[in-house]
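Read the structure below first, then the notes.
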Amino acid sequence: RTRVVKDWAKQWSYGRVYEETIGPQLRTIVDSLKAPRIVIRRPSSVAHICFVATYDTECGIATYTKMLSHSLIDAGFRVSVLAEVTSEHPVSDEMEVDEHGVEVYRCWSRAAHAWVMAEEILEKLDPDIIHAQHEWTMIGGGAPALRNLMASCAGGRVVTWHTPDFPANPAALSEFMLFDSICDLHILHNRAKVPIMAQQCVNGVTHIA
C-alpha cells in the first residue's frame, strides 16, 4: 500500500506536473505573444462582402442589413449573410437565396459561445470583407464567438455599432475596445462621436453617411 501511495504521489510531484502541464502551457502563452497583434493587409479590390447580422426578421438591424445588401448587389457586388438563427429560420448549413440574390446562411445563435458552423461557412466563402452589424446588447454571450469569427477572416473586417452610448456606457466601451483588436474599421451612427472614439482605439472610425 505504501508503494502504491508513493507511486501515485510521484504523478503529482511539482517536477512532473510542471514538465507535463505547466511548462507546455507557459510555452504556448509565450509563443502566442510572439505572434503579430495587428495584421496589415495590402489594398485590394472588393467583389464579395459578407455580413454577420440578424436577417429577414422583425428587427431594425435585419431591415437595415437587407436594404444595404440589396443596394450592394445593385452596385455589382456579391453579398453573403451569416444570419442569426430564429424561430422562423432554424439552423441550416444550406444556402438560401433571397429575392434580390443575397446568399443567406442560418448559422449562429447569440446564446452560443462558439460559432463553429459560421466559421466553417466563412472559410469556404472567403469574402473580401466581413462586416458585422452589431447592436452591442444583442450579441451578449456570443461576443467572443463573433470576435473569433471575424479574426478568422483573411479579408477586411468592419463593425457597424448600432445605438451604443459611446463613451458614457462602460460596458459598451469595453466591448468596443475588444473588437478594436481584430477589426479594421468601426462605423458609428453619430458623426459627433467619431472624433471622441477615434482617440480611444487603434483602427479607423467613421459614421453612417
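Quick look at the numbers
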item	result
Any hit, the range 141-164, residues being of a type in the set (D, E, K, R), part of a helix (DSSP H, G or I) and in contact with a helix residue (DSSP H, G or I) (Cβ under 7 Å, 6 or more places away or on another chain)	yes
Residue within the range 117-127 that is on the phi > 0 side of the Ramachandran plot and either within 15 Å of the chain's Cα centre (by Cα) or not in a helix (DSSP H, G or I) (or both) present	yes
The range 13-43 - residue that is aliphatic (A, V, I, L, M), at pLDDT 70 or above and within 24 Å of the chain's Cα centre (by Cα) and, of those, nearest to A154 (Cα to Cα)	L33
From the options A83, A111, residue that is surrounded by 14 or more Cβ atoms within 10 Å (Cβ to Cβ) and under 15 Å from the mean Cα position of the chain (by Cα)	A83
Filtered residues of the range 52-80 (kept if in a loop (DSSP other than H, G, I, E, B) and either touching a Pro at 6+ places or on another chain (Cβ under 8 Å) or open to solvent by 30 Å² or more (accessible area, probe 1.4 Å) (or both))	D56, T57, E58, C59, A75, G76, F77
Close pairs from the range 165-179: first among the polar types (S, T, N, Q), partner open to solvent by less than 70 Å² (accessible area, probe 1.4 Å), Cβ under 9 Å, at least 6 apart	N169/W136
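The values are calculated or read from the model by the stated rules, or taken from the named source; none is laboratory data. Remember, predicted model here, so these are calculated numbers, not experimental data. So basically every Cβ, Gly included, is an ideal-geometry build from the backbone, and we count neighbours across all protein chains shown. Please note that ligands, DNA and RNA were not included when accessible areas were found on the heavy atoms of the full protein model with its side chains. Shrake-Rupley method; radii C 1.70, N 1.55, O 1.52, S 1.80 Å.
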